[in-house]
Structure formats: structure tokens, C-alpha cells
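The values are calculated or read from the model by the stated rules, or taken from the named source; none is laboratory data. Note that the structure is predicted; figures quoted are calculated from it, not measured. Cβ atoms come from the backbone with ideal geometry, glycine included; neighbour counts cover every protein chain shown.
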Amino acid sequence: MRIAVIGAGLMGRAAVYDLARAEGVEAVGVFDIDAELARGIGEKYGEGKAVTGRFDAGDKDRAVEILKDYDAALSCVTYKYNPGLTRAAIKAGCHFMDLGGNNSIVQTQLEMNADAEAAGIIAVPDCGLAPGMVSVLAADGYNRFDRLHSLKIRVGGLPQSPRPPLNYKMVFSAEGLINEYWEPCVILEEGKKKIVNPMTAVESLEFDGIGEFEAFYTSGGTSTLPDTFLDKVDFLDYKTIRYPGHCRLFKPMLEIGLASRQPLDIGGHSIEPRDVLKAVLDKNLSYEDDLDMVLVRLTFEGEKDSSKKKLVYEIVDRQDTRTGLTAMMRTTAFPAAIIAWMAASGQITERGVKPQEVAVKSSLFIPQLKKRGIKLVITEE
């Protein structure tokens, strides 16, 4: 198998690390607009299997030429490039996955379903952590009930040792973080889709042995689940986990306009407030020496065999000090790499552009998480 990784940033390098060690993978393509970065990542993580090169993710013609040589490709660049890369993969006859993160972009990709089916490929958007891995776990839990009344998804990437005032560190892109905190959120209520505001409905929760946290609505985490489970699940929502007080401190920065893309004239220069916020976050919240962790909890409540049933799926993943891969890199890039590997190896038989909860068999996916040290604990209450 030959699998390409587009983008050699934090998530891209973790994907290269994983794919280079996956069974049956003979070559891993590493492509980035920075050719030297791609080469360095290929040498460091590619186990001698890396093929590297310069590639501008916006160059659709070049994308087709590259992807013709691969069985599957994983996009680890910002989501705005994913529609063009999906079209290129369809033309190239190459299976395609991405880390997603934007509901409108995913909808554009889903509209290419017929073309992907005709090309004989599977394209799966939103394959990271949340959206991504949690959607496959959601489908797994759903199938254990006769009727699922409620599914509550709680996920957070956090520093193990928080620093005030925000008690947060940048564990993925600032653009992605702001998007989650700013865009509208989709939930299911009484089986129907409902829009709620981000950074609202703050609740408290606790992880045994770790401590107390808060969770609040953020955008994108439910991805395609509200459509997939429409009229099948009474209530479904997604909240991001943070240390207590984070929402109260961060939300006012967005409310005064720091997430806006409307340029301001400052000293004769046109500057977007969002660009300033991103730069400040990256500069002041990137604590390279601080270890991170990822917390995941899915709570299912419903009926099985005419009796009430409650299941809790939980993952606590910590930074791997041996490899240097952060918990966010592991839990975002590894699931996406697993899906790319499953597609390339023929373990995904669906064709078209399909949500991961539809295309990916959890019975094959979950054991692959375990092989990578991502431990899922399922308890029945």
C-alpha cells in the first residue's frame, strides 16, 4: 500500500509516524508547501518509507498528478483546501480522508458523493478526534441499544499542568480553536436538529483521579451525527472540556470582536482582528515543555431488551514522552491514519463520500486504537 499525507505540521507528522509503522504500508508520501519541512519529517518519522516533495494544497492539477500514485491520501492541512483535494482524489481514483473541522466544508464534500461512487473511491471527511474518532465510537454505542434516548459527547485537549489565567495551551491550530468557539453548534433535541450558541450551557464534570472540569457547547464536534441520527436519537450534543473558569475568561474576547474577519485600518494597515488573536494565542499559549492530555467521554442512555441501559465510553490519553507525540497528535492523527489505512487495505467497502459513522466499522477500528495505546474503557451503569 502507498498512502500520502498532505501537510507536514503537527498532525501530519503524527500521521506519517503511524502510517510508516502500519502493516502492509510500503511507502508514505509526505507533501508540504515547505519542501524542506516535508523532507525533514519524512526522514524523522518515515522509517525509510517516506517519499517527500513540495506541494501547494491549492494546486488541484498537481494534486491529481500526485494522488494517482497512491492508494489513499490523508489531508492534514487546513479545512479550506479539502473540497479541492476531494475533487482531485476523485479524478485520481485515490481514497481520501481529512481532519475536517468545518460543517459547511463537509457538506460541500458530501455533495460529491455520486462522483466518488462512480470513481470507485471512498472519501471520509472529519476523521480526526472530534469530529472523527468520537463519531465511530458513537455509532458503536448506538448499535448496542434498541432505542437510544440520549448521547452526550464530551472531549477536551488540555495541559496536564495548567497555567493561569486561561489554564490552556495550544494543542492544535489557533484557527481551529477560534472556529470551534465562534461558529454555531448543531445538536439533536426531541430527535430534531437545533442550533445553539457556542460557549454556552456550561456544566461541571469530573474525571476520576484527574480532577474537576467544565464543558460547554462548541462547533463542529457533532459533525454529521445530527443528520445520521435524525429521528433515531432523542437528544445528542457535544461539549468541549476545559479547566473551570476558561469559558468565562475567553468568551468576552470573542464578544468584543477579536474573532472577526472584518479588517480594521490600524496605522494605514488592513488587519483582521482574528489574525491578531491567533498570533497572540500561538505566542503566549504554546508551552512546548508542558505535557498535554486528551479526555473523551461519551454517555449513552436508552433501552435494551425492554430495560433501561446506560453506557459510558471513556478515553484518557497522555503525551508520549518516548516519541514526543502529544496526546492531541495521537488522538487526532492516529484515528485518521487508521481510516486511511483501512481504506487502502480494503477494510472499508463503502464508496462515495460518506460520514465516518457510516463508512467505518467500529469492530475493526477500535482494536486498531488499542494497538496504538489509545485505551477505550467501556462501563455499564
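Looking at the range 359-381 only, could you name the residues that are assigned to a helix (DSSP H, G or I) and touching a strand residue (DSSP E or B) at 6+ places or on another chain (Cβ under 9 Å)?
Those that are assigned to a helix (DSSP H, G or I) and touching a strand residue (DSSP E or B) at 6+ places or on another chain (Cβ under 9 Å): Ala359, Ile366, Leu369, Lys370.
Would you point out which residue out of Gly42, Gly29, Gly84 is buried (at least 18 other Cβ atoms within 10 Å of the Cβ), within 25 Å of Ser173 (Cα to Cα), within 21 Å of the chain's Cα centre (by Cα) and not polar (S, T, N, Q)?
Gly29
Counting only residues that are more than 22 Å from the chain's Cα centre (by Cα) and surrounded by 20 or more Cβ atoms within 10 Å (Cβ to Cβ), give me the strands (runs of 3 or more DSSP E) lying completely in the range 261-345 with at least 1 of them.
292-304, 307-318
Starting from the range 363-379, keep only residues that are in contact (Cβ under 8 Å) with a residue 12 or more places away in the chain, then list their pairs with residues that are acidic (Asp, Glu) and part of a loop (DSSP other than H, G, I, E, B) whose Cβ atoms are within a distance under 9 Å, requiring at least 6 positions of separation or different chains.
Gly373/Asp320
Output the number of the condition that Leu74 fails; it satisfies all remaining conditions of (1) among the hydrophobic types (A, V, I, L, M, F, W, C); (2) in a strand (DSSP E or B); (3) without any contact (Cβ under 8 Å) to a residue 12 or more places away in the chain.
Result: Leu74 passes all but (3).
Return the residues of the range 62-81 that are exposed (fewer than 15 other Cβ atoms within 10 Å of the Cβ) and either at pLDDT below 95 or not acidic (Asp, Glu) (or both); say none if nothing qualifies.
Those that are exposed (fewer than 15 other Cβ atoms within 10 Å of the Cβ) and either at pLDDT below 95 or not acidic (Asp, Glu) (or both): Lys68, Lys80.
Quick check: is even one residue across the range 87-105 in contact with a Leu (Cβ under 9 Å, 6 or more places away or on another chain), modelled with pLDDT of 95 or more, among the acidic types (Asp, Glu) and not assigned by TED's automatic domain parsing to the domain that holds Asn179?
Scanning the range 87-105, I find at least one residue that is in contact with a Leu (Cβ under 9 Å, 6 or more places away or on another chain), modelled with pLDDT of 95 or more, among the acidic types (Asp, Glu) and not assigned by TED's automatic domain parsing to the domain that holds Asn179, so the answer is yes.
Residues checked against (1) touching a strand residue (DSSP E or B) at 6+ places or on another chain (Cβ under 9 Å); (2) charged (D, E, K, R); (3) more than 30 Å from Arg297 (Cβ to Cβ):
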| residue | (1), (2), (3) |
| --- | --- |
| Ala73 | yes, no, yes |
| Thr78 | no, no, no |
| Gly84 | no, no, yes |
| Arg87 | no, yes, yes |
| Lys91 | no, yes, yes |
| Cys94 | yes, no, yes |
| Gln109 | yes, no, no |
| Leu129 | yes, no, no |
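What's the number of the only condition in (1) farther than 18 Å from Cys127 by Cβ; (2) in contact (Cβ under 8 Å) with a residue 12 or more places away in the chain; (3) of a type outside the set (Ser, Thr, Tyr) that Val25 fails to meet?
Among (1) farther than 18 Å from Cys127 by Cβ; (2) in contact (Cβ under 8 Å) with a residue 12 or more places away in the chain; (3) of a type outside the set (Ser, Thr, Tyr), the lone unmet condition for Val25 is (1).
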